[in-house]
Amino acid sequence: MRSYELMAIFRTEEDAYQSAREALKTEITKHQGTVSKEEELGERLLAYPINKIGRGKYVLYNVTLNPDQVTLVSRNLTLNKSILRHLFVVTDK
């Protein structure tokens with residue numbers, strides 16, 4: 001298992017935002033991972049529009065996940081239309 005920081009940008013509509021956050025956590029636990037910390041960073045203006053959307057809600061997660069599962073989780077997060085962007089970064093501990 002390896003530690004990662006996962007930054008995700010969600011749509012700003014409240015119902016889409018809440019369901020996408022639950023879907024993200026479910027996807028990580030489905031692949032034998034754990035979410036140790038979840039920090040909301042608020043709604044911000046995007047640097048450029050994504051699918052004609054100019055604002056997004058940012059959330060930072062600390063995740064423990066098997067390295068071979070990161071690609072699968074990332075692919076499934078890409079398919080979720082309520083998650084505009086996401087990025088996994090390895091943390092050194």
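The values are calculated or read from the model by the stated rules, or taken from the named source; none is laboratory data. Owing to the predicted nature of the structure, the values given are computational and were not obtained by experimental measurement. Note: ideal-geometry Cβ built from the backbone for every residue, glycine included; neighbour counts use all protein chains shown.
Within region 1-29, being assigned to a strand (DSSP E or B), buried (at least 19 other Cβ atoms within 10 Å of the Cβ) and not hydroxyl-bearing (Ser, Thr, Tyr) holds for Leu6, Ala8, Ile9, Phe10.
Residues of region 65-84 that are of a type outside the set (A, V, I, L, M, F, W, C), surrounded by 16 or more Cβ atoms within 10 Å (Cβ to Cβ) and not in a helix (DSSP H, G or I): Asn80, Ser82.
Selection of first residues in region 35-62 that are over 18 Å from Tyr4 (Cβ atoms) and outside any strand (DSSP E or B) and of second residues that are modelled with pLDDT of 95 or more and of a type outside the set (Phe, Trp, Tyr), restricted to Cβ pairs under 8 Å at least 6 apart or on distinct chains, gives the following pairs, ordered by first then second residue: Asn51/Leu84.
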